[in-house]
Amino acid sequence: MKTKNLIPENTISQRSAAKSLAFSALLAMTPLAMQAQADTELLGSSLTPVGAEKAGNTDGTIPEWNGGLLPDQGVLQSDGSMDNPFKNDAVQFTITAKNLDKYRDRLSDGQIAMFERHPDTYKMNVYPTRRSASYPEAYYQATKTNPEKVQLTDNGNGLNQLANGVPFPTPTTGIEVIWNHMLRYRGDSITLPLSQVVAETSGRYKEVTKETVWHFAPSITDAGDNKNLLFFYKSKVLSPVRLAGEVTLVHEPINQVEEPRRAWKYLPGQRRVRRAPNVAYDNPASGTDNLKTADNSDMFNGAPDRYEWTLIGKKELYIPYNSYALYDKNLTNDDIIRPGHINPDLVRYELHRVWEVEATLKEGERHVYSKRTFYVDEDTWQASIVDHYDSRNQLWRMGEAHAIQYNPKQVPWLVNEVFYDLNSGRYVTNGLANAIKEPLEFGVMASKSDYTPAAIRRWGK
């Protein structure tokens, strides 16, 4: 695939040529403390407070970031729906299999393969680019201090401390970009019901609905000095009836090589809690018919130790963005699920700058994916597109994240993620909440006692 607007690996970010060269020279000849100080000074000036390029691109198709959506833009309704602040935007053009060659430079290999796999039905409606991402002021201030204090440990498998802001707002390595994705802001805690759908090639599908809850370390009242805690997570199956009451509990460390993830399951038929098998790496994700691995959830999660992470650079890519139509509470799953892919008339694509990171399986390590290519949005640090290659190094799956700005909480949020099997034509999507008439809930505090095996047994009942 051709690439465009790439930056060298030893460049911090794409800037004007003169400023980029001067800054790179400064970094090469100063100690770490001065480098961190220089990074900090860029945040809020030529860079946004989270490290994206503030300026637009040269041809004006990507605008300048001007603060994103304010809390009163994108009003939340009592049934959980959200007003689309860009509902009056018109489609600028549509990419199809017929005009694909014109846009290849701004598509990933996996996106291109979707047009080739479904030439008659797959399309991408491209809208004006809206840089809607915004965060609370406290998050900006925390990010500004991170270049001076947050460092990688254990060969990139952990951090010396939990970062409350973006840990590496001006990354120089691929693993730093991935940590920015895994630690991106999600409101400290989230409670949400959602559904997971496995779609067959015919368009028929199976649905599982769940209630899920995350509490990140800052929202745990008695987390103490556990510096390796990232979050607690639990989910309870609501339907179908045969699975209702099944609960999964996860204790998520930051460094999962030093301290592996711990997981439990409560099975209502047995009325007991059991330690779950290894919910990590390439073990199949629960209820996905082997269409998704455990570390595919949230596009990528868990220990990064089995891969070499290479920062290729930055490029402009058409990615899902401001996907308010997919969050419309008037829609049903029947409106969204189509044979081969979700309904393309409901998907909004925009041109954005992304960090391109290539993950290559280390010699001697095992994983069903020999290579993954990540495209991470510069404004949200959300992995937006991920291409997956099998053991023969053949393109196998494409993952796609559909995001919105969830206001008034100022949380860039993942509406749903879809993983397409390019061989079989089947897919799995997780996060659909259209039929659920209640909003997400952010910012609720919790105790460690809410995340014990005994607690999930009570919750399952």
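The values are calculated or read from the model by the stated rules, or taken from the named source; none is laboratory data. Keep in mind that what you see is a predicted model, and the values were worked out from it rather than measured. Counting neighbours? That spans all protein chains shown, and the Cβs are built from the backbone with ideal geometry, glycine included. Areas reflect the complete protein model, heavy atoms only, side chains present, ligands, DNA and RNA absent. Shrake-Rupley method; radii C 1.70, N 1.55, O 1.52, S 1.80 Å.
A few remarks follow.
- Scanning segment 79-95 for residues that are out of contact with any helix residue (DSSP H, G or I) (no Cβ under 9 Å at 6 or more places or on another chain) and touching a residue at least 40 places away in the same chain (Cβ under 8 Å), we see that the one that is most open to solvent (accessible area, probe 1.4 Å) is Asp79.
- Residue in segment 212-219 that is buried (at least 17 other Cβ atoms within 10 Å of the Cβ), within 25 Å of the chain's Cα centre (by Cα) and outside any strand (DSSP E or B) present: yes
- Val247 falls short on exactly one of the conditions (1) modelled with pLDDT of 95 or more; (2) open to solvent by 30 Å² or more (accessible area, probe 1.4 Å), and that condition is (2).
- So Glu438, is it among the acidic types (Asp, Glu), within 18 Å of Gly80 (Cβ to Cβ), outside any strand (DSSP E or B) and open to solvent by 50 Å² or more (accessible area, probe 1.4 Å): yes
- Residue within segment 286-306 that is in contact with a Lys or Arg (Cβ under 6 Å, 6 or more places away or on another chain), of a type in the set (Gly, Ala, Ser) and under 22 Å from Tyr420 (Cα atoms) present: no
- Residue match in segment 171-181 (condition: open to solvent by 20 Å² or more (accessible area, probe 1.4 Å) and in a helix (DSSP H, G or I)): yes
- Residue match in segment 343-352 (condition: farther than 23 Å from Pro412 by Cα, open to solvent by 10 Å² or more (accessible area, probe 1.4 Å), modelled with pLDDT of 95 or more and out of contact with any strand residue (DSSP E or B) (no Cβ under 6 Å at 6 or more places or on another chain)): no
- Hey, Val357 buried (at least 24 other Cβ atoms within 10 Å of the Cβ), touching a Lys or Arg at 6+ places or on another chain (Cβ under 7 Å) and in contact (Cβ under 8 Å) with a residue 24 or more places away in the chain or not: no
- The number of residues in segment 406-431 that are more than 13 Å from the chain's Cα centre (by Cα) and more than 20 Å from Met114 (Cβ to Cβ) comes to 5.
- Residue match in segment 108-117 (condition: touching a Pro at 6+ places or on another chain (Cβ under 6 Å), part of a loop (DSSP other than H, G, I, E, B) and buried (at least 19 other Cβ atoms within 10 Å of the Cβ)): no
- Unique residue being open to solvent by 20 Å² or more (accessible area, probe 1.4 Å), touching a helix residue (DSSP H, G or I) at 6+ places or on another chain (Cβ under 7 Å) and farther than 30 Å from Val91 by Cβ when the list is Pro277, Pro268, Pro304: Pro268
- When each of Asn416, Asn423 is tested for being outside any strand (DSSP E or B) and not β-branched (Val, Ile, Thr), the lone residue that passes is Asn423.
- Of all residues in segment 62-71, those satisfying the criterion of being surrounded by fewer than 16 Cβ atoms within 10 Å (Cβ to Cβ) and either of a type in the set (A, V, I, L, M, F, W, C) or modelled with pLDDT of 95 or more (or both) are Pro63, Glu64, Asn66, Gly67, Leu70.
- Conditions (1) farther than 25 Å from Leu107 by Cβ; (2) modelled with pLDDT under 95: number failed by Tyr451: (2)
- Any hit, segment 370-380, residues being at pLDDT 95 or above, among the hydrophobic types (A, V, I, L, M, F, W, C) and not in a strand (DSSP E or B): no
- Taken over segment 365-397, the criterion of being aliphatic (A, V, I, L, M) and surrounded by 24 or more Cβ atoms within 10 Å (Cβ to Cβ) is satisfied by Val376, Ala383, Ile385, Val386.
- Check on Leu317, more than 21 Å from Pro171 (Cβ to Cβ), open to solvent by less than 10 Å² (accessible area, probe 1.4 Å) and touching a Ser or Thr at 6+ places or on another chain (Cβ under 7 Å): no
- For Asn155, the requirement of being open to solvent by 20 Å² or more (accessible area, probe 1.4 Å), out of contact with any Ser or Thr (no Cβ under 9 Å at 6 or more places or on another chain) and in contact (Cβ under 8 Å) with a residue 12 or more places away in the chain is met.
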